[in-house]
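Colleague: Please read through the structure below; I'll follow up with questions.
The values are calculated or read from the model by the stated rules, or taken from the named source; none is laboratory data. These numbers were taken from a predicted model, which means no experiment stands behind them. As a convention, Cβ positions derive from the backbone with ideal geometry for all residues, glycine included, and neighbour counts pool all protein chains shown.
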Amino acid sequence: MLSLIPVNDPYQALRLRRFLTAAVVYLGLIGLAGIYVAVDLMALTDWIRTTAAILIINGLLFGVLRSGRNEQLPDPSLTLIQMIAACLLTALVAFQVDGARGALLLILMALLMFGAFRLRMGDFLLMGAFAVASYGLVIASLRHLRPDALELRAALLQLTAFAMTIACGALFVGYTGGLRRQLSSRQLELQRANEAVHELSIRDGLTGVHNRGEIVRLVSEECERAKRLDMSLTVAMLDLDRFKAVNRDHDHTTGDVILQRVAATLESGVRAVDAVGRYGGEEFLLVLPDTDLEGGRDTAEALRRLCSKLAWRDLADDLRLSVSVGVASYRQGEGTDALIERARQCADHALDNGGDAVVTEAAIAPVPVTGREDDTSTGL
C-alpha cells in the first residue's frame, strides 16, 4: 500500500511533509471561506467552486511530488509553483467575498512563509511583489465590476500593511537563509573532519600506507570475495633486509626516511585495485586481488627491483638496502591469518638465504595450514 510519505527517500519525505503542512493551512482557508458563507459575505456556489479549485490544484501538486517526477525539475520542492497557486487561490476567494478581506491576507502570508525554507531574500521579495500585485488586481477588479462590495480606503490600507509584512518576511527569509548557509558550511566541515579522522584511523602515521589493522581487514575482505566469486588472490610480504642493522649503525630518523620512501615506491608500483600496508616495523603487506601466484611473483619481482634502485646517498654514503619478498596465493576455505603467515614464511625463507629475492610458496616445502574458514581474526 502506497504511503503518503516515502520512507526510503528523506528528501522527498521532507518535501511532502512541508506540502502537507501547507495543505492544513489550505483547509483553514476553506474553513474561513465557509465562515464567510455563514455570515452572508460569500455565496455558497462560490465556496463550492473555490473549494474544488483548492482541492484539485493541491491534489495535482501532491501527485507530482509523490510520483517523484518533481526530482527532474530545477526546483524539486515546487516552491514557486506552490506560492503562485497560493496567491491566485487567495485572490479568487478575496474577489468572491463581499467584505472583511483582511483575514484572507493573514492566510496568504502564512502560505507564503513556507517559501522561507527554500527561497533567498530576493526571490521571496519577487514572490511577495506578485502576491501584492494579485491582491491589487482584486481591488482594481472589484472597483470596476462590483464597487458596492469594496471599501476602497480600507482595502488600500490592508494592501499597504500586507506589503509591509512581506518586506518584514523577506528580512526573516534573509536571516534564516544565512543560518542555513552557515549550517551547510558547518556540516561540510564536519563531514571533512570525519573523513580525515577515518583516514587517520586506517593509515600508518609514518609511511601513509594502510596500517596493520586496515591491511589485515582488506586481506580478509578479499578472501571472502575470492571465495564467493571463485577468483584468485595473492598476498606478498615484503621485508627490508637487515633493517635493524641500519637503525643501529645510523639513526632512527634515517630508518624513518627509508620506510617512507619504500612505502611510496610500493604504492607507485602496484595497480589501483591493489593495496599496500605496513604490517610490522619493517614489514609491508601487499594485497593483489584477481592475481594468481605467477602474477604475484612478477609483481613482487618488479617491486624488488624498484626498491633495489632507490638511492640513499643523501642519507649515508655507505647505505645499501634490499628487500626480501614472500608470495602466497589464497586457498579455498583458508583463513586470513594462515594466508598471511604463509607469505611471511616465504619472506623469511628469502631472507635466510641471503635476501634480495622473491620466494613463492611453490619454491619451498609446503607450509601447514592452521587457519580454516573461521580463522579470520586479525591478531590485533
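Colleague: Of these, SER268, SER308, which one is farther than 15 Å from LEU240 by Cβ and either crowded, with 18+ Cβ neighbours inside 10 Å or not acidic (Asp, Glu) (or both)? Talk me through it step by step, then tell me what you get.
Modeller: Details: SER308 fails: farther than 15 Å from LEU240 by Cβ.
From the options SER268, SER308, the qualifying one is SER268.
Colleague: Shifting gears a bit: Among the residues that make up segment 266-281, is at least one of them part of a helix (DSSP H, G or I) and not hydroxyl-bearing (Ser, Thr, Tyr)?
Modeller: The answer is yes; a qualifying residue exists.
Colleague: State yes or no: is LEU179 hydrophobic (A, V, I, L, M, F, W, C) and in contact with a helix residue (DSSP H, G or I) (Cβ under 7 Å, 6 or more places away or on another chain)?
Modeller: When the stated conditions are applied, LEU179 does not pass them.
Colleague: Which residues, taken from segment 312-349, are closer than 16 Å to LEU218 by Cα and in contact with a helix residue (DSSP H, G or I) (Cβ under 6 Å, 6 or more places away or on another chain)?
Modeller: ALA328, SER329, TYR330, THR336
Colleague: Enumerate the pairs (first residue in segment 36-51 and acidic (Asp, Glu); second residue anywhere and modelled with pLDDT of 90 or more) with beta-carbon separation below 7 Å, excluding pairs fewer than 6 apart on the same chain, so at least 6 apart or on different chains.
Modeller: Going by the 7 Å Cβ cut-off, the qualifying pairs are ASP46/GLN96.
Colleague: How many of the residues in segment 52-61 are buried (at least 18 other Cβ atoms within 10 Å of the Cβ) and over 37 Å from the mean Cα position of the chain (by Cα)?
Modeller: The total comes to 1.
Colleague: Next up: From the list ASP274, ASP352, exactly one residue is modelled with pLDDT of 95 or more and in the same structural domain as GLU222 (by TED's automatic domain parsing). Which is it?
Modeller: From the options ASP274, ASP352, the qualifying one is ASP274.
Colleague: Restricting to segment 271-300, name every residue that is crowded, with 24+ Cβ neighbours inside 10 Å, of a type in the set (Gly, Ala, Ser) and over 23 Å from LEU229 (Cα atoms).
Modeller: Result: GLY277, ALA300.
Colleague: Which of the residues that make up segment 350-362 are in contact with a helix residue (DSSP H, G or I) (Cβ under 8 Å, 6 or more places away or on another chain) and in a helix (DSSP H, G or I)?
Modeller: Correct list: GLU361, ALA362.
Colleague: Scan (1) buried (at least 22 other Cβ atoms within 10 Å of the Cβ); (2) at pLDDT 90 or above; (3) assigned to a loop (DSSP other than H, G, I, E, B) for the single condition LEU303 breaks and write down its number.
Modeller: Unmet condition: (3).
Colleague: Return the only residue of ALA167, ALA226, ALA236, ALA263 being out of contact with any Leu (no Cβ under 6 Å at 6 or more places or on another chain) and in the same structural domain as VAL323 (by TED's automatic domain parsing).
Modeller: The unique qualifying residue is ALA263.
Colleague: Can you tell which of LEU179, LEU206, LEU200 is outside the structural domain of PHE130 (by TED's automatic domain parsing), exposed (fewer than 15 other Cβ atoms within 10 Å of the Cβ), without any contact (Cβ under 8 Å) to a residue 24 or more places away in the chain and not polar (S, T, N, Q)?
Modeller: Being outside the structural domain of PHE130 (by TED's automatic domain parsing), exposed (fewer than 15 other Cβ atoms within 10 Å of the Cβ), without any contact (Cβ under 8 Å) to a residue 24 or more places away in the chain and not polar (S, T, N, Q) holds for just one of LEU179, LEU206, LEU200, which is LEU200.
Colleague: Out of the residues in segment 152-176 meeting the condition of being polar (S, T, N, Q) and in contact (Cβ under 8 Å) with a residue 12 or more places away in the chain, tell me which one is nearest to PHE284 (Cα to Cα).
Modeller: Step one: list which residues in segment 152-176 are polar (S, T, N, Q), which gives 158, 160, 165, 176.
Remaining after also requiring in contact (Cβ under 8 Å) with a residue 12 or more places away in the chain: 158, 165, 176.
On the way: GLN158: 78, THR165: 69, THR176: 53 Å.
Filtering first and then ranking leaves THR176.
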